[in-house]
1. On each of the three principal axes of the Cα atoms of chain B, give max minus min coordinate, whole Å, ordered largest first.
2. How large is the translational diffusion coefficient of region B:18-72 in µm² per second when you combine the Kirkwood radius over alpha carbon pairs with Stokes-Einstein at 25 °C and 0.890 mPa s?
3. Starting from 0.36 nm per residue, how many nanometres of slack lie between A:Gln79 and A:Asp141 once their C-alpha separation is accounted for?
4. Measure up B:Lys25/B:Lys119; A:Lys92/B:Lys25; A:Lys92/B:Lys90; A:Lys76/B:Lys142; A:Lys170/B:Lys101 against 31 Å on the Cα-Cα distance and list the ones that go over.
5. Which FRET efficiency value, to the nearest 0.05, do you get for A:Leu105 and B:Glu8 by plugging their Cβ-Cβ distance into 1/(1 + (r/R0)^6) with R0 = 51 Å?
6. In deg cm²/dmol and to the nearest 500, what is the mean residue ellipticity at 222 nm of chain B if only DSSP H runs of at least 4 residues count, each as -39500 (n - 2.57), divided by the residue total?
7. Measuring from the lowest to the highest alpha carbon on each principal axis, how far does region A:60-106 reach, largest first, in angstroms?
8. Check A:Lys142: other-chain or 5+ apart residues with amide H under 5 Å from its amide H, H built from backbone geometry?
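None of the figures in this text is laboratory data; all of them are computed from the coordinates on show. The model shown is predicted, which means the values in this text are computed figures rather than measured ones. Virtual Cβ from ideal backbone geometry, glycine too; neighbours counted across all protein chains shown.
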Amino acid sequence: MTTVILREFPEWERGSAVEFENSVNGDDYSISPIFWGFGYKLGREVKEVLKSINVNDDLDPQTTELLGADGMARYKRFQERSPIAGEASMSKMSVAVMSAFVSRLTDISFEPSLFLTSSGNLELGWEDEGGFSVSLEFYPDKIEYYLEKHEFEGEVRADNISDIQTIVSKLG
Amino acid sequence: MSADELPEEEVLIRAITDRLYDERKGRYSSEVFGKPRTSVSRLAILGYDDIVRIFCSDLHRPPDSTLLGYVEISVGALKEYGRNFESNGKPDRRQIIVEAKPVFKEIGMLDNPAHAEIKDGLPRSMNKEILRALKMTSVECK
């Protein structure tokens, strides 16, 4: 597994950028344009949200545990599938944003379903203890969510820790 | 109302693949009706068998994509959901438009004269409400 960490650049035009650095062996890591694009948009707080990203698509232990065997089987299928007409491949940044979100959960005792959108985003859906639906779609730069218990749907930027924490707290 | 907009009495079917439905847990993705230009097919133009044949040809590509079935809903029912929609606890009426978009000579796809699109993506809460009321009809592609 290759782990990358994020290091903040000095202020750069519209905001701060981040550099991805291979923390395993210290070698330079080849960064795809999409990673650079994402990094460009991210602010200072991203370091705290995305402490590590598995660039080879292996999920971190907490996300693996949350998805369970069924979810991981679906994840592997989505990872390996060739998109059909009009669909995108699974987005690595969506994987990263989902992992970053899951890493902030203190309770992972529920069993979500994993879906893949036509845009290549991952989506988690489940019902809370009261039977209310929860839906979260992980875009490369934002999370769209629906919390039926609170009759609320909206979106937050993937790099906004306080907003993400608000969602997490409402899941409890 | 544009010439392509479908009347309320038309009945639509929406294909469900394994990407959008978790068979083991019985849950649907919010994308079933959640994205702009959601593809549906019109039973006023083709029968079930013909539409399912097109779904199987275009969407059933195991292991990449498995067609599991379809759900059925009328344009009128969709519009009713839109009229009664509440967003974050407040009335938030939505105009739901379904337009005829026949598909001809698209690479890698069968012609589908019954193809139509739900113009705007429906909110996640509406998607959930609709899917709770629908029952998927299973399909086995040969």
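1. Result, largest extent first: 46, 40, 22 Å.
2. Values: Rh = 12.4 Å.
For the chosen part, D equals 197 µm²/s.
3. Values: separation 62, 0.36 × 62 = 22.32 nm, distance 1.97 nm.
In short, 20.4 nm is gained.
4. On the way: B:Lys25/B:Lys119 29 Å; A:Lys92/B:Lys25 25 Å; A:Lys92/B:Lys90 36 Å; A:Lys76/B:Lys142 25 Å; A:Lys170/B:Lys101 41 Å.
Violating the 31 Å Cα-Cα cut-off are A:Lys92/B:Lys90; A:Lys170/B:Lys101.
5. In this case the efficiency is close to 0.75.
6. Numbers: 3 runs with 31 residues, N = 142.
The per-residue figure over chain B is -6500 deg cm²/dmol.
7. Ordered largest first, region A:60-106 gives principal extents of 39, 21, 12 Å.
8. A:Ala158
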